[in-house]
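The values are calculated or read from the model by the stated rules, or taken from the named source; none is laboratory data. On a predicted model such as this, the values are computed, not experimentally measured, just so you know. As a convention, Cβ positions derive from the backbone with ideal geometry for all residues, glycine included, and neighbour counts pool all protein chains shown.
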Amino acid sequence: MLTVFNDLHTVHHGKVEMFRGQLVPCFEVPARADYVLRELQERNLGLIVPPVVFDEAVLARVHSQRYLDFLSTAWDEWVALDPANVDRDALPSYWPIRTFRADVLPASFPARMGLFSYDAGTPLTAGTWQAARAGAFCALTAAARVLRGERAAFALTRPPGHHAGADFFGGYCFLNNAAIAAQALRDAGVDRVAVLDIDYHHGNGTQAIFYDRADVQFTSIHGDPHTEYPYYLGYADERGAGDGLGFNRNIPLPRGTGFEKWRDALKDALRGIAEFKAGALVVSLGLDTFEGDPIAGFTLATPDYLRIGEDLARAGLPTVFVFEGGYAVAEVGANAVNVLDGFMQHIA
Ligand SMILES: [Zn+2]
């Protein structure tokens, strides 16, 4: 399988995140992508290419301009607040929740950090914009290659993307790579695009971006938000709104779910995608469904990921895979590449 690799991913390297009252070392680390790259090379799974550079205007097809403006200058503003900030990650401390205004753009940088975010677990660092922008270009390059006839392509990048909304970051995500790829497929003339999110955590950003649209169907299999992050979205009764009613599908599963039940959910999701008659599929490929993941709660084992790849190949669609979560760092390479390998073996 063709892989588009973001070799700038290492410039986004958070030091700490807020976790239940403590600043702890980040779970989302550069080694994650390095393990996947090494596994791809060792198993000789196909060409690995750099992303093409696109006009940044394409990012505004999914994200608001005021959010993109904020992200592109955020680090400089953070350091301008206090020169000592150059050695500290930027984390938000204030949020405009219910009854506050979100339409006013405050002059205060800390106020804008809160306006454009929803948690304190997502540090913004010196290289965040550069890494995220190159990651979005990876997703766009993968989509472009699939449009030109490649059966599938894999965008290997971090930071991940599926928690990022049109105008907010959170959950380690800044630009929504899967949504950017799906929109690019639509803009190139694919009538109906399906996005399938198999990360342990609900893809709240992707859902929100496409919630009122009938041309992009969103399906997510994830830990039940009653107990699992991101808590405030991902329930089964969220089915879309307006024109999008019926084109959003959430399949929450209880913490502790094993592969047999998870695979039933995948087959169910793929039936829905087949009924939608999609012209292309974007897979938000999170590997934190793994039994050894430190921040998740399903019990999938490494060989199970081969079966997932096979099931996805059976959908018979041109497919863009986008790397999302997966925090059992030593195993994330084998698990990710098993999905891609299972996929390729089934179409070969
Ligand atoms: Zn996740």
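A few comments on the model shown:
- Note on segment 199-209: among residues that are under 19 Å from residue 280 (Cβ atoms) and either under 10 Å from the mean Cα position of the chain (by Cα) or not β-branched (Val, Ile, Thr) (or both), the one that is surrounded by the fewest Cβ atoms within 10 Å (Cβ to Cβ) is 207.
- In segment 284-295, the residues that are β-branched (Val, Ile, Thr) reach residues that are more than 9 Å from the ligand (Cβ to nearest atom) with C-beta atoms within less than 8 angstrom, at least six apart or across chains, in these pairs: 289/198; 289/262; 289/298; 289/300; 295/27.
- Test for residue 219: is it of a type in the set (Ser, Thr, Tyr) and over 21 Å from residue 335 (Cβ atoms): no
- Strands (runs of 3 or more DSSP E) enclosed by segment 229-348 - at least 2 residues per element that are among the aromatic types (Phe, Trp, Tyr) and either modelled with pLDDT of 95 or more or within 16 Å of the ligand (Cβ to nearest atom) (or both): 319-323
- Segment 185-210 residues that are charged (D, E, K, R), paired with ones that are in a helix (DSSP H, G or I) (beta carbon under 7 Å, 6 or more apart): 187/61; 192/276; 197/206
- Index of the failed condition, residue 314 passing every other in (1) closer than 30 Å to residue 188 by Cβ; (2) surrounded by 18 or more Cβ atoms within 10 Å (Cβ to Cβ): (2)
- Some residue of segment 177-194 being within 16 Å of the ligand (Cβ to nearest atom), out of contact with any Asp or Glu (no Cβ under 7 Å at 6 or more places or on another chain), closer than 21 Å to residue 67 by Cβ and not in a helix (DSSP H, G or I): no
- Strands (runs of 3 or more DSSP E) wholly inside segment 1-107 that include at least 3 residues being surrounded by 19 or more Cβ atoms within 10 Å (Cβ to Cβ): 2-5
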